[in-house]
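Nothing in this text is a laboratory measurement; each read-out follows from the coordinates by a stated rule. Quick caveat, the model's predicted, so the values are computed rather than measured. Because the Cβ atoms are built from the backbone with ideal geometry, glycine has one as well, and the counts that use them run over all protein chains shown.
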Amino acid sequence: MHITNLKVGGVPVIAPKANLTINIPLVAKVVVNEQVMTAGGAGIAVNAIHVRTPAGVDIMVSHARAARPDRPRQAVPGRLTTRNAPA
């Protein structure tokens, strides 16, 4: 991921590592290069910028998701998963 000229709270963010969290008191929590495991560990979801405010606003900028098809998916409680039927 490459972000150019990003500033959070007036501070430049250069080459952020995974899940760089910046708290702006009473305003927002900003996560840059947010990476979350999905599909029972077989996948990953990445958000370039994820902003959460105390008022409940939740903004994601540039979301991507991928999973490895060669790993079996595990059911996640409360979520519907699909599988290909065996041949």
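Quick one: if you stick a label point 7 Å off each Cα along the C-beta vector at MET60 and ASN19, how many nm between them?
1.6
Please work out how much length the chain gains when fully extended from ARG68 to MET37, using 0.36 nm per residue of separation minus the C-alpha to C-alpha distance, in nm with one decimal.
On the way: separation 31, 0.36 × 31 = 11.16 nm, distance 1.17 nm.
Going from the current span to full extension adds 10.0 nm.
Once every Cα of segment 1-76 carries one equal point scatterer and solvent is ignored, give the base-10 log of I(q)/I(0) from the Debye formula at q = 0.20, 0.25, 0.26 Å⁻¹, two decimals.
-0.88, -1.14, -1.19
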